[in-house]
């Protein structure tokens, strides 16, 4: 068997019956969270680890599984420990059995979480880009005040 045939066989073995699951979706969402907080594009992350942005996109959606070595590379590029990708895992996701495959509903529920939305991540990144702590505090107070006013308005309606 040639080296190329051996590599082809290994690639087939890796992809055979390796369906993603809800844990993959959680890990992908954590990758997206960190990448967005750093202001890094999918393309830039992909280049850093030798992948296309489409592959990074599939990882972030949880559509493709991420091997341990690749996850380690991603952690290095995003400057976080590997454990970061498993932090804040909901108990129902952590309790997923080994045979449970990816559920679109679980990914959609994760995406519906306002803390995981792109606009939230961009807002947090911009907020921490403000170096003056007094200005940050005033901005936080302003946002809280607006939110409180809207809640009061909704109660009156």
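List of remarks:
- Straightening the chain between residue 141 and residue 124 buys 4.7 nm, computed as 0.36 nm per residue apart minus the Cα-Cα spacing.
- FRET efficiency estimate (nearest 0.05) - Cβ-Cβ, residue 68 to residue 132, R0 35 angstrom: 0.25
- The convex hull of the Cα atoms of the range 117-157, projected and averaged over all directions, covers 3.3 nm².
- At R0 = 30 Å, FRET efficiency that the Cβ-Cβ distance of residue 151 and residue 37 yields, to 0.05: 0.65
Bear in mind these aren't lab numbers, they're just calculated from the coordinates by the rules spelled out. Here the structure is a predicted model, which is why all the values come from computation and not from measurement. Ideal geometry is used to build each Cβ from the backbone, glycine not excepted, and the neighbour counts take in all protein chains shown.
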